[in-house]
Amino acid sequence: MKRHIAGLACAVTAVLGVPALASTAHAQAADPITALKGQLKNGLGVTYIDTLKRQDGSKNAIAGHRRGELQFGTSGISASDHTTQLRFDEDTFAFSTGEDGTEETEEQKKFSKLLAGLAEPERVVRVEKKAYLSGGAFGQFLPQDKPWLGYPGDTLGVTGSMGQVINAAEPATLKTLLAHATVKKPAAYAGKITFGELQKVSPWFRASQDGEKLSGERAKTTIKWKLYLNADRLPARLATSYSEFSSGPTWTVDTRYTNWGSKVTIDAPPADQVATVKELQAGFEADTPIPLLTVK
């Protein structure tokens, strides 16, 4: 199942105003790590929104949005709930014939249908390192009375790598970012970090990659980041930019954190509404239960 989500993610592989900066006097009152740890209380959390942009040559367009909320426990993020909506050109999923002009086979039609599902909103709920997916690529293949897919592991979904892969609400991740900072102002930091470095410290990043252990050139992929804090020394905006391949597009993600300290309760879907991977696979041939996309 992991390779299926990873394969699909490869297929679909905003800069707004800077929030008001804290005063220098207040900024010196607490360091960002201490401020963040002060938020780690059961039942509290934060909301966020990601704006994803894709720049390819002279083209620069919004590729999608993700809206969600994080629930904290005493040791960090205990649960999350987000919905991702990607944007595509009108003809992206207009597949009626094969490459040679012949009609698609039944398996190709299933593949096209699965791919077209990427244009639908995907919701992912994560509780205690378990993930539940609704809508999106797999939604149309789920049983009618079970709108959720129980994923056997931790993931941010098929669209997991299409949002913000750095989570500044994770204490260990924030600590690592600040250690890499080359710009350090009272309420603004900037620096670079690699996929490999994030993989070591961030459960969120590992979930965005569907648990895949990165190595080689992918692990060396460098993310440029800028972090802005609010008056309470908590993350207010995180802007990142990276390109996984030298000839590929550049992805930029602008994340806004709001409502720090708000009450957040995220529960797993009712068990009788959750389908298993086996049920999902029932609609496909045994040798290719879920079609894979092999191009990037």
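For the pair Asn42 and Lys175, label points projected 7 Å from Cα toward Cβ lie 2.3 nm apart. Summing charges over neighbours of Arg233, with a neighbour being any other residue whose Cβ is under 12 Å away from its Cβ, gives -1 when K and R count +1 and D and E count -1.
Residue separation of Asn60 and Arg87 scaled by 0.36 nm, minus their Cα-Cα distance, works out to 8.4 nm of gained length. Packing around the peptides 37-45, 166-174, taken as the average count of other Cβ atoms within 10 Å per residue, puts them in this order, highest first: 166-174, 37-45.
Between beta-carbons, use under 9 Å as the cut-off and find the net charge around Thr255, counting Lys and Arg +1, Asp and Glu -1. Summing Lys/Arg as +1 and Asp/Glu as -1 gives +1. When the pairs Lys41/Lys185; Lys192/Lys226; Lys226/Lys263 are compared against a 19 Å limit on Cα-Cα distance, Lys41/Lys185; Lys226/Lys263 fall above it. On a per residue basis, the convex hull of the C-alpha atoms belonging to the stretch 141-285 measures out at 151 Å³. Taking Lys and Arg as +1 and Asp and Glu as -1, the other residues whose beta-carbon sits under 9 Å from that of Thr51 total +1.
In terms of packing, defined here as the mean over residues of other Cβ atoms within 10 angstrom, the peptides 140-152, 203-215, 260-272 line up highest first as 203-215, 140-152, 260-272.
Rule-based calculations on the coordinates, nothing more; no lab input. Worth saying up front: this structure is predicted, and the values here are computed from it rather than measured. Here the Cβ is made from the backbone with ideal geometry for all residues, glycine too, and neighbour counts use every protein chain on show.
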